[in-house]
Amino acid sequence: MDHPKHIVVVGCLVKNADGGVLLVRHHKRGWEIPQGRVEEGESLLDALHREIHEETGVEVELGQLASVWSKISQPTAIIFNFLAHYKNGNLQASEECPELGWFSPDDALASISHPVNHDRLKTLLNFSGAVVYQAYSSNPYRIHVEDQLTGDI
C-alpha cells in the first residue's frame with residue numbers, strides 16, 4: 001500500500017506591540033508571512049520557531065493555531081498557520097528572504113501579490129477565535145472547501 005505524501009508547512013502571523021505585521025520577501029513568491037517546511041522528525045512548533053528565526057532573526061511568543069489549509073493539487077501540502085507576538089531580536093534578512101519589515105495590516109495585504117498568501121494573511125488578520133479550514137488547488141488558484149472548526153458537534 002502506498003502512503004500519501006504531503007509537504008507539511010508552518011506559517012505565522014507575527015505582530016509587534018504597535019500592531020505591525022511582520023512580512024518577508026521571498027525570491028519567488030514575493031512578500032508573505034514567515035513560513036516554511038517542517039523537516040522530517042521535527043515538531044510543528046519547533047519548525048515554526050526555527051523558520052521564523054531563520055527568516056527574520058526574531059523570537060516570538062506563540063499564540064494559537066488559527067487556520068489549516070490543505071493544498072490538494074500537486075505537490076500536495078498541509079499548512080498550519082499560527083498567531084504570535086514579537087518577543088525579542090533584531091530583524092535580519094536572510095539569503096532566502098532578502099527583505100523584511102513591519103507593515104500596517106492594510107499595507108501588508110496590499111504588498112502580497114501571491115493569491116494564496118494574500119488569502120492566508122487576510123484569514124489570519126480576520127481571526128475570530130475559530131480555526132479556519134480551507135482546501136484549495138493551484139494553477140489556477142481555486143478554493144474547494146472553506147469552513148470554521150468551532151469544536152461544536
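The values are calculated or read from the model by the stated rules, or taken from the named source; none is laboratory data. Just so it is clear, the model here is predicted, and its values are computed rather than measured. Neighbour counts run over all protein chains shown; Cβ positions are idealised from the backbone, glycine included.
Please enumerate the residues belonging to the stretch 36-61 that are touching a helix residue (DSSP H, G or I) at 6+ places or on another chain (Cβ under 9 Å) and surrounded by fewer than 17 Cβ atoms within 10 Å (Cβ to Cβ). Across the stretch 36-61, the qualifying residues are ARG37, GLU39, GLU42, GLU59. Restricting the first member to the stretch 102-115 and to residues that are within 10 Å of TRP31 (Cβ to Cβ), and the second to residues that are of a type in the set (Ser, Thr, Tyr), the beta-carbon pairs closer than 8 Å and six or more apart or on different chains are PHE103/SER111. Note on the stretch 119-145: residues that are exposed (fewer than 14 other Cβ atoms within 10 Å of the Cβ) and outside any loop (DSSP other than H, G, I, E, B) amount to 5. Is it fair to say ASN88 is closer than 16 Å to GLY11 by Cβ, surrounded by fewer than 14 Cβ atoms within 10 Å (Cβ to Cβ) and without any contact (Cβ under 8 Å) to a residue 60 or more places away in the chain? No: the conditions fail for ASN88.
Identify the residue in the stretch 54-79 that is over 15 Å from the mean Cα position of the chain (by Cα) and among the aliphatic types (A, V, I, L, M) and, among all such residues, is farthest from LYS15 (Cα to Cα). Residue satisfying both the conditions and the ranking: ILE72. When residues in the stretch 19-38 are screened for being among the aliphatic types (A, V, I, L, M), closer than 20 Å to SER73 by Cβ and assigned to a strand (DSSP E or B), 0 of them pass. Can you spot a residue in the stretch 112-133 that is farther than 15 Å from ASN16 by Cα and among the aromatic types (Phe, Trp, Tyr)? The answer is yes; a qualifying residue exists.
Yes/no per residue for (1) without any contact (Cβ under 8 Å) to a residue 60 or more places away in the chain; (2) assigned to a strand (DSSP E or B):
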| residue | (1), (2) |
| --- | --- |
| ALA17 | no, no |
| LEU48 | yes, no |
| LEU65 | no, yes |
| GLN74 | yes, no |
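For the stretch 1-35, the candidate set comprises residues that are among the acidic types (Asp, Glu) and at pLDDT 95 or above; within that set, the residue that is surrounded by the fewest Cβ atoms within 10 Å (Cβ to Cβ) is ASP18.
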